[in-house]
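Here the structure comes first, spelled out in structure tokens, and everything after it is commentary.
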Amino acid sequence: MANKYVPTKILLEESELPKAWYNMNAVMPEKHDPALNPATLKPCTVDELKGPFCDELAAQEMNMTDEYIPIPDEIKDFYKMVRPSPLIRAHFLEKVLDTPAEIYYKFEGNNTSGSHKLNSAIAQAYYAKKQGLTSLTTETGAGQWGTALSMACAFLGLDLTVYMVKVSAQQKPFRKSVMETYGAKVIPSPSYTTEVGKRILAANPTTGGSLGCAVSEALETAMKTPNCKYVLGSVLDHVILHQSIIGLETKTALEKYGIEPDLLISCIGGGSNFGGFIAPFIKDKINGTAKYDILAVEPPSCPSLTRGKYAYDFGDTGKMTPLLKMYTLGNGFTPSANHAGGLRYHGMNPIVSKLYHDGYISVNSVEQTKVFDAAVMFAKSEGILPAPESSHTIRAVVDQALKCKETGEKKKIVFCLTGTGYFDLKAYEQYNNKTMTDYIPTDEDLAKGFATIPDIPQNK
Ligand SMILES: *Cc1c(COP(=O)(O)O)cnc(C)c1O
């Protein structure tokens, strides 16, 4: 294998596409603590999860035993339109950095939604359709998830209502237009269309909203609409399951060319791309046979892992979801409005939380002005204009590659480039105008969020 020619853009054949998703829950040495019903504080049953969620997704959420879960043919056929995604050797970035490191990125932005979110959107819409549902609700922050789900619902003929965090709707009006083009109804959140929205607006009329609050509105609407369920674009285990397609393809491509990674890196918002990217690699890490390190990257303005508490918390501000054991800043945490770059969620997926808690992965946080320095460097060298979220990863990769320059290490760094930044030009404008600032919450700021973590015996 050693001298095999490795193309800059490694593409798999259609026949090499994964036939099953990878379920990390099946191989965790210790399972994460179960989701709790907030009313009884007992572990949720599959039937309870079927209240707000689609049947098959509820079953996947609770599947702790099957390492591989077959991908239905209809989803595989859809994947073939946008997958396999390329694994690209970043020769030009390496040259700019003058680093001995080898840098590879898995590019997930090559579809209209501009991100990896489509991998789970099509799966979730498929199971909803199969169950005979006619509509879905969801929330969106930066807008990538809403767009991805709009595409999936349009493809399968489902109605969709998207609650979009109000500040994002104002900052990214064209995101709304894309979703509407695909037939979705887009409502800036908080809104007067739900009881929880009215409550939040009464308490804070000028709020720009938060993901947690949009989740509550979407959930409430799903509960009161016949034949309608709520779907979520991150945070839950079944979303990570669908996103494992990223890691499975990456692993196949690396193995095909005998490339042994030293470091896997990706950004974390709710944990879905990161979890999916590392999924098929985690077993070796758990067994102690991996030679690679795994690094997650988050913004210091929303520091769920680096400064959060490991506790049971709600996934939403309206306290309607099951309680999840996760690293959290508190369901009432709202990130600073100056934060331009996504990754604004208060909590973190329970598997990713558990892996971090048990020491299998490490986490860095990088400030947004430095993130955009790296984004621009990447755009100029590799051509792709990266999403702000993905640019957190690029920052961490650049820092690692510069470290290799000092030490002379020829590390092989593989990262997930989750998406493109065409709808984030406001943020790029701020960066170019030098009006972008960094904000790191004080301990006092964080204490306000922590105070909203439920005071239950499990958290003592
Ligand atoms: C949503 C999103 C993220 C962060 O969400 P995760 O669920 O943590 O993956 C990162 N990058 C892009 C481009 C996104 O759209």
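The values are calculated or read from the model by the stated rules, or taken from the named source; none is laboratory data. Predicted model only: the values in this text are computed from it and were never measured. All Cβ positions, even for glycine, are placed from backbone atoms using ideal geometry, and neighbour counts span all protein chains on display.
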Open item on the list: When you scan segment 170-181, do you find a residue that is in contact with a strand residue (DSSP E or B) (Cβ under 7 Å, 6 or more places away or on another chain), in a strand (DSSP E or B) and either surrounded by 21 or more Cβ atoms within 10 Å (Cβ to Cβ) or modelled with pLDDT of 95 or more (or both), even just one?
Closed with: no
TODO: Give 380, 319, 354, 370 a once-over and let me know the one that is in the same structural domain as residue 278 (by TED's automatic domain parsing), touching a helix residue (DSSP H, G or I) at 6+ places or on another chain (Cβ under 9 Å) and under 20 Å from residue 36 (Cα atoms).
DONE: 319
TODO: Exactly one condition in (1) surrounded by fewer than 24 Cβ atoms within 10 Å (Cβ to Cβ); (2) in contact with a Lys or Arg (Cβ under 6 Å, 6 or more places away or on another chain); (3) of a type outside the set (D, E, K, R) is not met by residue 233; state its number.
DONE: (1)
- [ ] Specify the residue that is nearest to residue 111 (Cα to Cα); the eligible residues are those in segment 391-435 that are aliphatic (A, V, I, L, M) and in contact with a strand residue (DSSP E or B) (Cβ under 8 Å, 6 or more places away or on another chain).
- [x] 417
Task: Contacts under 7 angstrom Cβ, first residue in segment 90-103 being touching a residue at least 60 places away in the same chain (Cβ under 8 Å), partner part of a helix (DSSP H, G or I) and aromatic (Phe, Trp, Tyr), 6 or more apart - done: 93/378
Open item on the list: When you scan segment 255-265, do you find a residue that is of a type in the set (Val, Ile, Thr), outside the structural domain of residue 416 (by TED's automatic domain parsing) and at pLDDT 95 or above, even just one?
Closed with: no
Task: Which numbered condition residue 123 fails, given (1) surrounded by 21 or more Cβ atoms within 10 Å (Cβ to Cβ); (2) assigned by TED's automatic domain parsing to the domain that holds residue 270; (3) among the hydrophobic types (A, V, I, L, M, F, W, C); (4) assigned to a helix (DSSP H, G or I) - done: (2)
Task: Residue among 138, 193 that is in contact (Cβ under 8 Å) with a residue 40 or more places away in the chain and either out of contact with any Phe, Trp or Tyr (no Cβ under 8 Å at 6 or more places or on another chain) or of a type in the set (Ser, Thr, Tyr) (or both) - done: 138
Open item on the list: So, residue 311, is that one small (Gly, Ala, Ser), away from the ligand (no atom under 14 Å from the Cβ) and touching a strand residue (DSSP E or B) at 6+ places or on another chain (Cβ under 9 Å) or not?
Closed with: yes
- [ ] From (1) more than 16 Å from the ligand (Cβ to nearest atom); (2) part of a loop (DSSP other than H, G, I, E, B), pick out the condition that doesn't hold for residue 142.
- [x] (1)
TODO: Looking only at segment 91-107, decide whether some residue is of a type in the set (S, T, N, Q), in contact with a Leu (Cβ under 8 Å, 6 or more places away or on another chain) and not assigned by TED's automatic domain parsing to the domain that holds residue 425.
DONE: no
Open item on the list: Testing residue 66 on (1) touching a strand residue (DSSP E or B) at 6+ places or on another chain (Cβ under 8 Å); (2) under 17 Å from residue 19 (Cβ atoms); (3) away from the ligand (no atom under 16 Å from the Cβ); (4) outside any helix (DSSP H, G or I), one condition comes back false. Which one is that?
Closed with: (1)
TODO: Out of the residues in segment 85-133 that are of a type in the set (Asp, Glu) and away from the ligand (no atom under 14 Å from the Cβ), state the one that is farthest from residue 160 (Cα to Cα).
DONE: 98
Open item on the list: For segment 383-423, give me the residue count where each residue is near the ligand (Cβ under 9 Å from one of its atoms) and either in a strand (DSSP E or B) or under 14 Å from residue 89 (Cβ atoms) (or both).
Closed with: 5
- [ ] Quick one: count up the residues across segment 219-268 that are touching a Ser or Thr at 6+ places or on another chain (Cβ under 6 Å) and at negative phi.
- [x] 14
Task: Checking residue 41 against (1) on the phi < 0 side of the Ramachandran plot; (2) in a loop (DSSP other than H, G, I, E, B), the condition it does not meet - done: (1)
- [ ] Mind listing whichever residues of segment 316-349 are over 14 Å from residue 454 (Cβ atoms) and within 13 Å of the ligand (Cβ to nearest atom)?
- [x] 327, 341, 342, 343, 344, 345, 348, 349
Task: Selection within segment 446-457 - outside any loop (DSSP other than H, G, I, E, B) and touching a residue at least 60 places away in the same chain (Cβ under 8 Å) - done: 446, 448, 449, 450, 457
- [ ] Check 360, 356 and return the single one that is at pLDDT 95 or above, within 16 Å of the ligand (Cβ to nearest atom) and of a type in the set (Phe, Trp, Tyr).
- [x] 356
- [ ] Please work out which one of (1) assigned to a loop (DSSP other than H, G, I, E, B); (2) crowded, with 24+ Cβ neighbours inside 10 Å; (3) away from the ligand (no atom under 16 Å from the Cβ) is the condition residue 259 fails and give its number.
- [x] (2)
